[in-house]
1. Quick check on packing: order 180-192, 160-172 by the mean number of other C-beta atoms within 10 Å, highest mean leading.
2. Over region 7-113, what is the percentage of antiparallel beta bridges among all DSSP beta bridges, to the nearest 5?
3. Taking square-rooted eigenvalues a ≥ b ≥ c of the alpha carbon gyration tensor, is region 350-460 rounded, prolate or oblate, where a/c under 1.5 means rounded and, failing that, a/b exceeding b/c means prolate?
4. With all protein chains present and a 1.4 Å probe, how do Ile8, Ile403 order by accessible area, largest first?
5. Give me the percent relative contact order of the chain, please, defined on Cα pairs under 8 angstrom at least 6 residues apart.
6. Just the Cα atoms of region 77-176: what Rg and Dmax do they give in Å?
7. Does region 437-489 classify as rounded, prolate or oblate by the C-alpha gyration tensor (a ≥ b ≥ c root eigenvalues; a/c under 1.5 gives rounded; else a/b over b/c gives prolate, otherwise oblate)?
8. Please give the direction-averaged projected area of the C-alpha convex hull for region 307-401, in square nanometres with one decimal.
Amino acid sequence: MPMKPEIIFSRTAKQSSGVAVILSGADGAVSAGAGIADPQEVSKKAAKIADFKGKEMATLDILAPAGSPADRIVVVGLGEADARGEQFWIRLGGQICGTVKSAKKVTIWLDLADAKATAEIAANVALGIMLRAYRFDTYKTRKSDETDGPGNVRFTIVCSAATTAKRLLGDAAAVAGGVALARDLVNEPANILGPVEFAAKAKALAELGVKVEILTEREMKKLGMGALLGVAQGSVRPPRLAVMQWSGGKAKEKPVALIGKGVVFDTGGISMKPASGMEDMKGDMGGAAAVIGAMHVLASRKAKANVVGIIGLVENMPDGNAQRPGDIVTSMSGQTIEVLNTDAEGRLVLCDALWYCNDRFKPACMINLATLTGAILVALGKNHAGLFSNDDGLAAQLSAAGIATAETMWRMPMGPEYDKLIDSKNADMKNIGGRYAGAITAAQFLKRFVGETPWAHIDVAGTAMGSVSTEINKSWGSGYGVRLLDRFVRDNYER
Ligand code: BES
Ligand code: MN
Ligand code: ZN
């Protein structure tokens, strides 16, 4: 569950009991408030003894410092001055949050002796704290130190830009809220979160002013979504398609469209996956989670843009009624697909969602996120998502947003040589390519359903779940994509 530490900004403060956080860089930079928190310079002595050199994100913990009003002083390393960009301060906030654990009162002295913190820096530190405070402990009946995070901590960030920083806190809280929502959805087990339950999470965005429609099986049948429905037919839990519209922009402006793969559990279907590691497939809705999370952020901060979010929600199960390898289905586009492997189901869900989106909304661009292929993990590992696009401008905008938020992507090639690998003898296409370039042939498949609309596909199989541990995230579900999409909209559609 998302934990909400209390964060306030203050222009001045007296150090009281609790934890004092002071900063110290490799370049000699120190917190201007160090003298208040540590009048006897105990921290300097301790730094010498511990050989603490102010390396980036290093911490020095001093308990019961003599002569200080604080119970504990934590010195956090700033590293070199030239490496302190936006993401640095977010990570620093995360690092502080992780270090103070469940202290009750924390004062962070953010202004440096020779460089005052800007309001943006202060808000970024706050964002880092909020992101790191996340815990998924819904099912822990006995809370431990590990699960008992900094939910009840009161952070006071002391800096001269406090007044302006306060105004930026709302947006930071909106972002943290959307990321926490996405992480929760990815972490939640599939017995609790089926397509219907997931759709209800989308519906809940109505509270924020999002217009939400939920399409049921009957409506999808009428629309001819044979590809999506073919995947769903093996599950006793019926599919849903959630359509979320945020209209914060001008009435005539075409929307940005975000489309997500929401396979609540992927057994592989009749082409079943091996047992080992299959539990991870509860996270096969990471793309849909990012889309809901992003819609949550945009609505919470009342973004001045028109954005539509569409997520295809199904469960991929083996069953007497499940689709078989060799089945041929007809997608909403009219194109027929030979299903040669029922485990390549994500593209079958997305192709109908993409076609429906393009057909109904004529969007300015479409961006889909999906835990689509194991092949992208082989190619890129866990630090970059795969970026595929038919539009260089859109790809560049997304790459820039990815760098700005540290939710990075690496662009992958596409082309007719790859496209022909999914031609089928018996239908218009098949749902798998050959042995090689699996992430690319999956992208080529999607491309056949987007027409001329600028489109990008982000394969998040390596980044949405089983995430690498960072200062701002220790959770299995990372919420990858939420900050990226929010930033993309903010930088390209809100001015
Ligand atoms: N959901 C998986 C992809 C995946 C793998 C996500 C590992 C996260 C971690 C997807 O539906 C899948 O099974 N893809 C197959 C495609 C293949 C059958 C062409 C794959 O990657 O093996
Ligand atoms: Mn699969
Ligand atoms: Zn899948």
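The values are calculated or read from the model by the stated rules, or taken from the named source; none is laboratory data. It should be emphasised that the depicted structure is a prediction, and the values quoted were computed from it without experimental measurement. Positions of Cβ are generated from backbone atoms using ideal geometry, with glycine treated the same way; all protein chains shown enter the neighbour counts. Quick note on the areas: whole protein, heavy atoms, side chains included, nothing else; ligands and nucleic acids left out. Shrake-Rupley method; radii C 1.70, N 1.55, O 1.52, S 1.80 Å.
1. 180-192, 160-172
2. Values: 7 of 16 bridges.
About 45 percent, rounded to the nearest 5.
3. Verdict is oblate for region 350-460.
4. Values: Ile8 55, Ile403 125 Å².
The ranking, largest first, comes out as Ile403, Ile8.
5. Reported relative contact order: 16 percent.
6. Just the Cα atoms of region 77-176 yield Rg and Dmax of 14.2, 48 Å.
7. It is oblate, given that a/c is not under 1.5 and a/b is not larger than b/c.
8. 7.8
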